[in-house]
Amino acid sequence: MRHASADIVAGVEEGKLEMRFEARELKSYAEPVSVSELTVGNVYFAVQFIDSDMLIPELEALVFIGRDLVPNDALSLYFQDAGSYRHGIRFDSAKDDEATFYKQTEDEIQHIFEYEQALDILLTCSLRRQQARGKGVP
């Protein structure tokens, strides 16, 4: 797959820039991060859809915070919302409502992506939305 590169060119209006991204090939399937590639402290993106036509995506930045954070729970993977993580809140010291933590098993992370793969999902969604609008779907 080719990754996009951006060219910034002077825009028509003073002080505004126009950006163009090189075309990229999109796969017909999602490429979630593999369990073996997860790195503690790295940011990943959860992409889920709230409708069956996959026209309304939800995107959330998450930080992988590790495994086995609770005794006897080695098969679980833990993620934290990126905002609270960046503010220094951690799993072992978080107070109620300071952070959101997600516990997933290894077979429940098909919605977790690295940035470029999450972008591919959103671009594919954009194409579906264009097609749906052409068919009169709002």
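Just subtract the alpha-carbon distance of Gln48 and Glu108 from 0.36 nm times their residue separation and send over the number in nm, one decimal.
Numbers: separation 60, 0.36 × 60 = 21.60 nm, distance 1.23 nm.
Stretched fully, the Gln48-Glu108 segment lengthens by 20.4 nm.
In the chain the longest region clear of trypsin sites (Lys or Arg not before Pro) that are loop-assigned by DSSP and have at most 14 other C-beta atoms within 10 Å covers 28-89. When the chain is treated as a GNM with alpha-carbon contacts under 10 Å, the residue of Tyr29, Tyr44, Tyr78 showing the greatest mean-square fluctuation is Tyr29. Using Cα atoms only, what is the angle between the long axis of helix 115-134 and the major principal axis of the chain, expressed in degrees (0 to 90) to the nearest 10? Computed tilt is about 50 degrees.
From its DSSP helices (H runs of at least four residues, each -39,500 (n - 2.57)), the chain gives a residue-normalised ellipticity at 222 nm of -5500 deg cm²/dmol.
Label point 7 Å out from Arg90 along Cα-to-Cβ: which residues of the range 34-71 have amide N under 13 Å? Counting backbone N atoms under 13 Å from the label point, the list is 41, 65-66.
Grab the beta carbon distance between Ser126 and Thr39, set R0 = 22 Å, and tell me the FRET efficiency rounded to 0.05. With a Förster radius of 22 Å, E is 0.15. A simple spin-label model places pseudo-atoms 7 Å from Cα toward Cβ; at Glu58 and Leu17 they are separated by 3.4 nm.
Each value in this text was obtained by applying a stated rule to the coordinates, not by laboratory testing. Keep in mind the model is a prediction, meaning the values are calculated, not measured. Glycine also receives a Cβ, built like all others from the backbone with ideal geometry; neighbour counts cover every protein chain displayed.
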